[in-house]
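Student: Just dropping this structure here.
The values are calculated or read from the model by the stated rules, or taken from the named source; none is laboratory data. For clarity, every value in this text was computed on a predicted model and none was experimentally measured. FYI the Cβ positions are ideal-geometry reconstructions off the backbone, even for glycines, and counts take in every protein chain you see.
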Amino acid sequence: MSKLPLNLVVGSALQLTPSLAADAEPLPVTLIGYLESRSVLVSHPLAPDGQLLPLVAGDPVRIHFDWGDAHFAFESRVTAVCDGPFRYLHLEYPQSVQSGGGRRSPRIPVNDLTMMLVMEDAGRKLSVALADISLSGARLVAVSRLGEVGDRFSIEIPQQGREGSGRIVLPCEIRYVREENGRGSGRRVYHHGVEFTGLNPRALHFIEHYIGERVSEKLEASS
């Protein structure tokens, strides 16, 4: 297998929109694999109600994805809907990829409040919760305000590997801050929308892998 245009890697989070659906929202899917000039394999998208999106062979679709700071898309068509070992789609391999315009990556809900991130900003470290994530950014929840719109910092995520412990560093810039009551506690919390800036290949691979795992878990729970 060779890489798709723009070096899109297996496990990447994509968006799929049924081309014939009026005003349809893009739905998250995961790139499972591809064979150049033959087929692209993606997970079967879920409708907003949590049910599998009704798709059959021949249905036209549009795939969107972000790479770095740019947005790309290509037209395709469902060639097969497969049931095992899980539901996934075969799509026609794109003849071309268009750049520019379109939507940013959809955020994948995480709700993994046990995964605490350590944010290092001017020598201080704070524990924050990851609420959702995409290839272009994330939403962080904290009991105190992390900064103002435009402020930059780095998130450090501890990692354990075969070569010992290490860390993933995600450079961020705050795009919005929203204050609201915390669930069940009545305590005020702050939601911070951040955009990733200057991710290195290791950090990008971590995000793609993390999103892929969350999507797989959702697919398994719905099957």
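Student: Can you tell me which of Leu219, Leu130 is surrounded by 18 or more Cβ atoms within 10 Å (Cβ to Cβ), modelled with pLDDT of 80 or more and either under 18 Å from the mean Cα position of the chain (by Cα) or not β-branched (Val, Ile, Thr) (or both)?
Tutor: Leu130
Student: Checking Arg152 against (1) closer than 21 Å to Ala13 by Cβ; (2) at pLDDT 85 or above; (3) charged (D, E, K, R): exactly one of these is not met. Which one?
Tutor: Going through the list (1) closer than 21 Å to Ala13 by Cβ; (2) at pLDDT 85 or above; (3) charged (D, E, K, R), Arg152 breaks only (1).
Student: Now for a separate question. Against the definition (part of a strand (DSSP E or B), of a type in the set (D, E, K, R) and at pLDDT 80 or above), how does Arg167 come out, yes or no?
Tutor: no
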